[in-house]
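Reading through the structure tokens given below for one structure.
Please treat every number below as a calculation from the coordinates, not as lab data. If you're wondering where the values come from, they're calculated on a predicted model, not measured in any experiment. Cβ atoms come from the backbone with ideal geometry, glycine included; neighbour counts cover every protein chain shown.
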Amino acid sequence: MGRPRAFDEDKVVRAAVGLFGSRAYDGVSVDDLVTHLGVHRNSLYKTFGSKRGLYLVALRRHLADDVRPLVDALAAASDAATALRLVTSAGLGLLLLAAAERAPVDQEVAAEVTAALGAVDRAIADALGIPTDLAAALTAAALGILLRGNPDSVGTALSQRLDPLA
């Protein structure tokens, strides 16, 4: 009989979300995971199969814990400026890095990212009564604001221009 698991899988996955969300997939080595997550290498492989396996579990957790609540909040947005503020204030680091780094080279990650962004677009479109392609442009603008690293000032300037979409 094997030894019982000596770590809390939920805590490890949450910590992996933070690590991958701050340093990206290629910026995190297995040694980094072992060190930062407090999991022995063998336990990591036994539980998640590989670094990629843990990454996929962490990405899906991020989508469930961070993106899904954003989608729910967006469904109640009363105007484009509110939608923009919701997106730019959400913790979407892992989603952004997944879209930029992993989605172009990993079909499974691409499918997860596409589904998540599609849900954001549809929530905005439904809440504001605008076409999905216009909602997608608003999502893209919000994500671009996040990438610039200064969501407050850029977002405020853009929000002032978005009032006609309400």
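Brief remarks on what is shown
- The stretch 91-139 versus the stretch 1-70: alpha-carbon centroid distance in Å: 23 Å
- Summed side-chain charge close to L97 - residues other than L97 whose Cβ falls under 14 Å, Lys, Arg +1, Asp, Glu -1: -3
- The convex hull around the C-alpha trace of the chain, projected and averaged over every direction, spans 10.3 square nanometres.
- The chain - percent relative contact order, Cα under 8 Å, separation 6 or more: 24 percent
- Using the Karplus relation 6.51 cos²θ - 1.76 cosθ + 1.60 with θ = phi - 60°, the per-residue 3J(HN,Hα) values for the stretch 86-99 come to 4, 5, 6, 9, 7, x, 10, x, 5, 4, 4, 5, 4, 5 Hz, with x marking Gly and Pro.
- Cβ-based charge dipole, the stretch 9-162, positive-most Cα from Y25, L96, G149: Y25
- Charge context of Y55, other residues only, Cβ under 13 angstrom, K/R +1, D/E -1: 0
- Distance between modelled label sites at L96 and S29, nm, 7 Å Cα→Cβ extension: 2.6 nm
- Local net charge near T132, Cβ-Cβ under 14 Å (Lys/Arg +1, Asp/Glu -1): -2
- Label-point gap, in nm, between S50 and A76 - each point 7 angstrom along Cα→Cβ: 4.2 nm
- Basic side chains Lys and Arg get +1 at the Cβ, acidic Asp and Glu get -1 at the Cβ, and with that the dipole of the stretch 9-162 about its Cα centre reaches some 300 debye.
- Farthest towards the positive end of the charge dipole of the chain, among the residues A83, L63, F7, is the Cα of F7, using unit charges on the Cβ of Lys, Arg, Asp and Glu.
- Value at 222 nm in deg cm²/dmol, rounded to 500, when DSSP H runs of n ≥ 4 in the chain each add -39,500 (n - 2.57): -21500 deg cm²/dmol
- Rough spin-label spacing in nm, given labels placed 7 Å along Cα→Cβ, for T114 and R41: 3.6 nm
- Cα gyration tensor shape for the stretch 98-143, rounded if a/c is under 1.5, else prolate or oblate: prolate
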